[in-house]
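Here the structure comes first, spelled out in structure tokens, and everything after it is commentary.
Each value in this text was obtained by applying a stated rule to the coordinates, not by laboratory testing. Remember, it's a predicted structure, so these values are computed and weren't measured experimentally. Positions of Cβ are generated from backbone atoms using ideal geometry, with glycine treated the same way; all protein chains shown enter the neighbour counts.
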């Protein structure tokens, strides 16, 4: 298979699955796509078992190394699109809890999940360095803003709670991805020699600080170009945004800083400056519509990839056991990452009774952790991280995704009665 064959296959399957789900299954997109993709995997596996000559597996799918495409294009596009949708004015009233949950919460989640996964893997006899366990803790922490936003709109939750859920899910993507990739760099650097505090601090400063600088620089250039171009020139505006995202990814990787941090900052700059009343024409509606479509399309293809990934992950019982243990660990980590900050903030702010359970159980995992795990550079233990990520995301989408409406309906009914 060539690269274009792989891309064409993903686009075709994503389109077919979206059609089937929209007109027949009528489930939330992430859940419907996951079920169809898993169903396709089981059909292919069963066909290969009955007719060995038809077997499709790792050789066919790994013939093309799509990790580079996932890292260079998909992650940057998804992070830019997510940041583009963050409206600081809309989130201003709840900015403090959103920022605390998206930063401190991700750090707590990363440490709790990484530490417990390290102990769990050691208990069942799988060797994985502690730093790589922290990488897994970081990459599994981001929640799916598309799935969360579409779910909360169906229920009569309070505006404050809805803003917290939506804002935190939009912000934590960039924080978690940058943290995961920074921890990965630290782990790789530590393989040669023990790192000093200064070296770790330098890696953090270079990765995050450099990415922020490039994001601000190119974001401002993009904003000025969008302001100069007439709003009717839709194709020019869209090409400008595509160009700065690709240029930011190339420039950041060239000077070895975080291209993902740069994508987030560019999205924040253009998304918020473009919405200002004094520059209403800077970014037309079609720019936001295009990137929303891009994000949903990439998410759809990633869910197809999740299903097909079942064909290439090692089918080892101990890996699958670790994955199902990790499902519970991730839920515990998520609960603590919500519970601790909210209890601390409750000293000066009031929170609804439903905030902790809804934020915990409504934190569906989406395509971003899958894309990030598959884009990691090769190291000892990557297979177990990919397997655990696959199982956690699948269980999150199917189990939490199918039950979270009941939770939201319960609190919505309770709120209406009171």
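Note that the stretch 312-393 carries a Kirkwood radius of 14.5 Å, evaluated over its alpha carbons pair by pair. Computed on the Cα atoms alone, the convex hull of the stretch 197-242 gives a volume of 47 cubic angstrom per residue. What the Cα convex hull of the stretch 67-417 gives, in volume per residue, is 142 Å³. If the chain linking residue 285 and residue 88 were pulled fully straight, counting 0.36 nm for each residue of separation and taking away their Cα-Cα distance, it would gain 69.2 nm. The modelled label-to-label distance for the pair residue 243/residue 348, using points 7 Å beyond Cα in the direction of Cβ, is 4.5 nm.
Report relative contact order for the stretch 67-417 in percent, whole number only (criteria: Cα-Cα under 8 Å, sequence separation at least 6).
In percent, rounded to a whole number, it is 29.
What does the highest-first list of 329-341, 106-118 look like by mean Cβ count within 10 Å?
106-118, 329-341
The calculated 222 nm mean residue ellipticity attributable to helices in the chain amounts to -24000 deg cm²/dmol, summing -39500 (n - 2.57) over DSSP H runs of n ≥ 4 and dividing by all residues.
Per-peptide packing, taken as the mean over residues of other Cβ atoms within 10 Å, places 352-361, 131-140 in the sequence 131-140, 352-361 from highest down. Packing around the peptides 203-210, 85-92, 254-261, taken as the average count of other Cβ atoms within 10 Å per residue, puts them in this order, highest first: 254-261, 203-210, 85-92. Taking the Cα centroid of the stretch 247-268 and of the stretch 287-359, what is the distance between the two, rounded to the nearest whole Å? Each part reduced to its Cα centre gives a spacing of 24 Å.
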